[in-house]
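Throughout, read-outs are computed from the coordinates displayed, never taken from laboratory work. What you are looking at is a predicted structure, and each value in this text was computed from that prediction instead of being measured. Counting neighbours? That spans all protein chains shown, and the Cβs are built from the backbone with ideal geometry, glycine included.
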Amino acid sequence: MLSGLLQYEFLQNAFLTGIIIGVLAPVLGVFVVVRRMSLIADALSHVTLAGIAFSLLLEKTFIVMAGLSPLYMGMLFSVVGSLFIERLRSVYKHYQELAIPIILSGGIGLGVIFISLADGFNTDLYGYLFGSVSAVSSLDLRVIAGISIAVVLTVIFLYKELFLLSFDEEHAKASGIPAKLIHFIFIIMVALVIAASMRIVGILLVSSLMTLPVAASIRIAKGFKQTIVFSIIFGEISVIGGLFLSYYLDLAPGGTIVVIAVTILILSILAKNVRTRLT
């Protein structure tokens, strides 16, 4: 693969995209897990699937839509889905967790309808479901790089606000932090990262990259910032290792990445148990 990286543009695009996603997904995943909103990634990934299926349906129905990348429609659906989640959280103030399964169910329903209208699965949709190394174009890479810059800058500038809202929302509101605005910005970032990650990991597995590295780091980290650092390290190991193994063994990259992330999680749990017994 190292020699291929120097020769083939699609491998370069996939590798660079993987490195970017290996940072973004775990960083946002830490805040998602702390907020006990882990299922939001699943909900938005299924909404993204509906957007992808809708885009492929348009491409099949209207020839003029043939050049439009499904990535953009997936992002649009994901962002709209995230806004609906925030709206439903305000409607069900005492049952805010209901917002996620409602949107998840809606995303699945729309996705199935669009897929059936497009006469079932095709190769493109299969690649979006489970990830594809060859699917990442130069334009996709530039879009994902732009998203990464925006997300990193937002996290840096709003780190204090995100931290306070994640651990003590009432105190954060009392301190004068605009909670609704921060929530809005945060969930938009999550939606964009989920949509961007589907190229490498796949829609059905993208939530794993946001939660598994975080779950592993929680077992061994001694603070919040250390949790973020370990999550990024584990995310990068999973993505880069998954891309290499999938290339050499001809496996689906998304599944390979997730299996490595699960292995890291198991090892972190074992390491924590061993350290506890020794002390």
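Numbers for the structure displayed
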{"item": "Rounded to whole Hz, the Karplus (6.51, -1.76, 1.60) HN-Hα couplings of the stretch 102-111, x for glycine and proline", "result": "4, 5, 4, 5, x, x, 4, x, 5, x"}
{"item": "Residue-count net charge about Ile21 - beta-carbon cut-off 10 Å; Lys, Arg +1, Asp, Glu -1", "result": "0"}
{"item": "Order of Ser246, Ser175 - criterion: other Cβ atoms within 10 Å of each residue's Cβ, fewest first", "result": "Ser175, Ser246"}
{"item": "Ranked list, fewest to most other Cβ atoms within 10 Å of each Cβ, for Asp42, Asp168, Asp119, Asp140", "result": "Asp119, Asp168, Asp140, Asp42"}
{"item": "Note, ³J(HN,Hα) from phi for the stretch 44-51, Karplus 6.51, -1.76, 1.60, rounded to Hz, x at Gly and Pro", "result": "6, 5, 6, 5, 4, 4, 4, x"}
{"item": "Using a Förster distance of 22 Å, the FRET efficiency for Gln96-Ser175 (Cβ separation, nearest 0.05)", "result": "0.55"}
{"item": "MRE, 222 nm, helices only [DSSP H, n ≥ 4, -39500 (n - 2.57), over the chain, to nearest 500]", "result": "-27000 deg cm²/dmol"}
{"item": "Share of alpha-carbon pairs per 5 Å distance bin for the stretch 160-279, given as whole %", "result": "2, 11, 16, 17, 17, 15, 11, 7, 4, 1, 0"}
{"item": "Nitroxide proxy distance, nm - points 7 Å out along Cα→Cβ at Ile108 and Arg275", "result": "3.7 nm"}
{"item": "GNM flexibility winner over the chain from Ser78, Ser207, Ser55 (Cα, springs under 10 Å)", "result": "Ser55"}
{"item": "Pairs from Lys173/Lys225; Lys180/Lys272; Lys93/Lys272 whose Cα-Cα separation, in the structure shown, is over 30 Å", "result": "Lys180/Lys272; Lys93/Lys272"}
{"item": "Nitroxide proxy distance, nm - points 7 Å out along Cα→Cβ at Ala145 and Lys222", "result": "3.8 nm"}
{"item": "Calculated on alpha-carbon atoms, Rg and Dmax of the stretch 2-278 in Å", "result": "18.8, 66"}
